[in-house]
Amino acid sequence: MVKDTTCPSHGVEFDEEEMEEVMKQLIEGQHLLVNLGEDIPAGTPPWFDEKKFEAGKQFVKKYYGGIFFCHLVSLIMMLYSPQVLKPLIFTEKSETPKKSYRRYISTSIHVMSWYMGDMWQADSKARRSLRLVRQYHTDAATRLNSVEIRPSVDNTEITKCGLPLHKGQPILEVLQKDFSSIPNCPFLSQLNGSYKNANAFPVEQIPYLNQLDMSGTQFAFMGLVLLHPEKFGISRATERELEGFVHIWRCIGWILGIDDRFNFCRLDSLPQARRWTRYFADKLVCPSMKMSVTAEYEHMGRAVADGARCYTGWLF
């Protein structure tokens, strides 16, 4: 059992040893389901900061185009994890460009309502959306982890994806070559086999939609915005705005059932958040992509990218 680490003082950059402890604690979340049910906590969490929250909302209003483009890129990136990828393939709701388009549009509508609405007001559109998403997660977790369905999800393969989307020009070998120089994950021994690659034999059967998965989803929505704002047209964002954006995702994670100790954004002063996000990307995300990029990953990534062309016009 890893000790519960406390956040360093505001503005203090914590060292490598402290980040390692935070990572070990986060990885423990692979054993625990995210909190489920449509009933979400009343009021605001004890650590809520209204000024940070409002700064984050103003940031989204100024840079929403770049932010949502970043969300799209991050979605493709996070498909590397078999824990995420297998349920998506199994449910057959994302494996074609048309289905992926519908799914991403639906997700974008939900997220935009959270950004622009009042998620703390009981009957607001944002609150209703968050309640609905929690119910989606509850239904999915109940089904995917059931005794009857779980074996089929675990054994999901590329054949369920339908016709190849690479048109005879797969890039899997190129991706694998690009990732070959990345150092191995230093936390490999603590990760269940289901995170290592699609064919790994898991030491234990960890739940789908667990706390670690949900924390990784937070990273997908805010991580690249924080680390590379200049690549998404957000280079003029102030530190106050970026810190507010992290705080928004801390709040969203809390509402969607992530325990505070597993909340990716709980270190929400900007120096800490930026350093932690870089550490997570370098020590877990990139090494995991090196291990786990598969034909399934390429197919589903292409489905997302091709689907995006329907509404962005961007070429990937």
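The values are calculated or read from the model by the stated rules, or taken from the named source; none is laboratory data. Please read all numbers here as calculations on a predicted model, not as lab measurements. When we count neighbours, we look across all protein chains shown, and the Cβ atoms used for this are built from the backbone with ideal geometry, even at glycine. These accessible areas exclude ligands, DNA and RNA; they are computed on the full protein's heavy atoms, side chains included. Shrake-Rupley method; radii C 1.70, N 1.55, O 1.52, S 1.80 Å.
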- prompt: Based on what the data block shows, is Tyr311 surrounded by fewer than 20 Cβ atoms within 10 Å (Cβ to Cβ) and at pLDDT below 90?
  reply: yes
query: Is the stretch 41-54 home to any residue that is more than 19 Å from Cys265 (Cα to Cα) and in contact with a helix residue (DSSP H, G or I) (Cβ under 6 Å, 6 or more places away or on another chain)?
result: no
message: Please go through the stretch 67-96 and give me each residue that is under 15 Å from the mean Cα position of the chain (by Cα) and without any contact (Cβ under 8 Å) to a residue 60 or more places away in the chain, ordered by number.
response: Phe68
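Conditions (1) hydrophobic (A, V, I, L, M, F, W, C); (2) at pLDDT 95 or above; (3) under 30 Å from Pro164 (Cβ atoms), marked per residue:
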residue: Pro271; (1), (2), (3): no, no, no
residue: Tyr279; (1), (2), (3): no, yes, no
residue: Glu298; (1), (2), (3): no, no, yes
residue: Leu315; (1), (2), (3): yes, no, yes
- request: Go through the residues of the stretch 84-91 one by one and say whether even a single one is surrounded by fewer than 17 Cβ atoms within 10 Å (Cβ to Cβ) and out of contact with any helix residue (DSSP H, G or I) (no Cβ under 7 Å at 6 or more places or on another chain).
  value: no
task: Scan (1) open to solvent by 10 Å² or more (accessible area, probe 1.4 Å); (2) of a type outside the set (Phe, Trp, Tyr); (3) out of contact with any Cys (no Cβ under 6 Å at 6 or more places or on another chain) for the single condition Arg250 breaks and write down its number.
output: (3)
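Given the condition open to solvent by less than 40 Å² (accessible area, probe 1.4 Å), under 19 Å from the mean Cα position of the chain (by Cα), of a type outside the set (Ser, Thr, Tyr) and within 30 Å of Gln176 (Cβ to Cβ), answer yes or no: does some residue in the stretch 48-66 qualify?
Looking through the stretch 48-66, at least one residue is open to solvent by less than 40 Å² (accessible area, probe 1.4 Å), under 19 Å from the mean Cα position of the chain (by Cα), of a type outside the set (Ser, Thr, Tyr) and within 30 Å of Gln176 (Cβ to Cβ).
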field: Pair list, Cβ < 7 Å and 6+ apart or interchain, from the stretch 159-176 residues that are on the phi < 0 side of the Ramachandran plot and basic (Lys, Arg) to residues that are open to solvent by less than 70 Å² (accessible area, probe 1.4 Å) and assigned to a loop (DSSP other than H, G, I, E, B)
entry: none
query: Within the stretch 111-124, how many residues are part of a helix (DSSP H, G or I) and surrounded by fewer than 15 Cβ atoms within 10 Å (Cβ to Cβ)?
result: 1
- prompt: Out of (1) within 17 Å of the chain's Cα centre (by Cα); (2) part of a loop (DSSP other than H, G, I, E, B), what's the single condition that is false for Thr107?
  reply: (2)
query: Just to be sure, is Lys167 exposed (fewer than 12 other Cβ atoms within 10 Å of the Cβ), of a type in the set (D, E, K, R) and under 30 Å from Asp282 (Cα atoms)?
result: no
statement: Restricting attention to the stretch 230-242, the residues that are touching a Gly at 6+ places or on another chain (Cβ under 8 Å) and either of a type in the set (Phe, Trp, Tyr) or assigned to a helix (DSSP H, G or I) (or both) number exactly 2
Which listed residue is surrounded by fewer than 15 Cβ atoms within 10 Å (Cβ to Cβ), outside any loop (DSSP other than H, G, I, E, B) and touching a residue at least 24 places away in the same chain (Cβ under 8 Å), from Ser194, Ser152, Ser215: Ser152
message: Among (1) farther than 17 Å from Leu209 by Cα; (2) outside any helix (DSSP H, G or I), there is one condition Cys70 misses while meeting the rest; what is its number?
response: (2)
